[in-house]
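To start, the structure under review is shown below, and the notes come after it.
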Amino acid sequence: DKELLGLTFVQELVWQYFRFAEPEACMELVPFVCDATLAMLSSEDGALAVCRALAMGTAKNRKSAAKELRGHVLEVATHETGHMVLVQLMNVTDDTKLTSGVLGEIVPNLTDVACSQYGRK
């Protein structure tokens, strides 16, 4: 549930679960985390959980996360914790169409991203 995953303490629990649980057990959470990518960006633990889910997930999970970010990429790129998720998404995605869709939202606003404290990272 996206509303539940938007709560900071739930995000911390999910991140701790990803850190210490067996990878096979974590795979059950990956689709839910990827589907709630935007909601999970409100805390560092949430962003780290999304990064881990992107790394562990399938191409379908990554596509779901990218779809969730569509239209919000500029906000995420300049967000305190969101920029980590964009970097991870670019690192683990091998779908050219998917990455160009994400980058297509950043390029027209490249000056804003580069001047942002978090975007330039």
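Which of (1) open to solvent by less than 20 Å² (accessible area, probe 1.4 Å); (2) farther than 21 Å from Val30 by Cα is the odd one out, the single condition Asn109 does not satisfy?
Failing condition for Asn109: (1).
How about the stretch 18-30: which of its residues are in a helix (DSSP H, G or I), over 12 Å from the mean Cα position of the chain (by Cα) and not small (Gly, Ala, Ser)?
Phe18, Arg19, Phe20, Pro23, Glu24, Cys26
So that you can scan it fast, the table gives a plain yes or no per residue for (1) among the β-branched types (Val, Ile, Thr); (2) in a helix (DSSP H, G or I); (3) surrounded by fewer than 20 Cβ atoms within 10 Å (Cβ to Cβ); (4) modelled with pLDDT of 95 or more:
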{"residue": "Leu13", "(1), (2), (3), (4)": "no, yes, yes, yes"}
{"residue": "Gln16", "(1), (2), (3), (4)": "no, yes, yes, yes"}
{"residue": "Leu38", "(1), (2), (3), (4)": "no, yes, no, no"}
{"residue": "Gly46", "(1), (2), (3), (4)": "no, yes, no, yes"}
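Kindly provide the set of residues from the stretch 53-89 that are in a helix (DSSP H, G or I), closer than 23 Å to Phe18 by Cβ and open to solvent by 60 Å² or more (accessible area, probe 1.4 Å), ordered by number.
Answer for the stretch 53-89, where residues must be in a helix (DSSP H, G or I), closer than 23 Å to Phe18 by Cβ and open to solvent by 60 Å² or more (accessible area, probe 1.4 Å): Ala59, Lys60, Lys63, Lys67, Val87.
How many of the residues making up the stretch 1-46 are acidic (Asp, Glu) and in contact with a helix residue (DSSP H, G or I) (Cβ under 6 Å, 6 or more places away or on another chain)?
Within the stretch 1-46, residues that are acidic (Asp, Glu) and in contact with a helix residue (DSSP H, G or I) (Cβ under 6 Å, 6 or more places away or on another chain) number 3.
The values are calculated or read from the model by the stated rules, or taken from the named source; none is laboratory data. Computed from a predicted model, the values in this text were never measured in an experiment. Every residue, glycine as well, gets a Cβ built from its backbone with ideal geometry; the counts of neighbours run over all protein chains shown. Note: accessible area is taken over every heavy atom of the protein model, side chains too, but ligands, DNA and RNA are not part of it. Shrake-Rupley method; radii C 1.70, N 1.55, O 1.52, S 1.80 Å.
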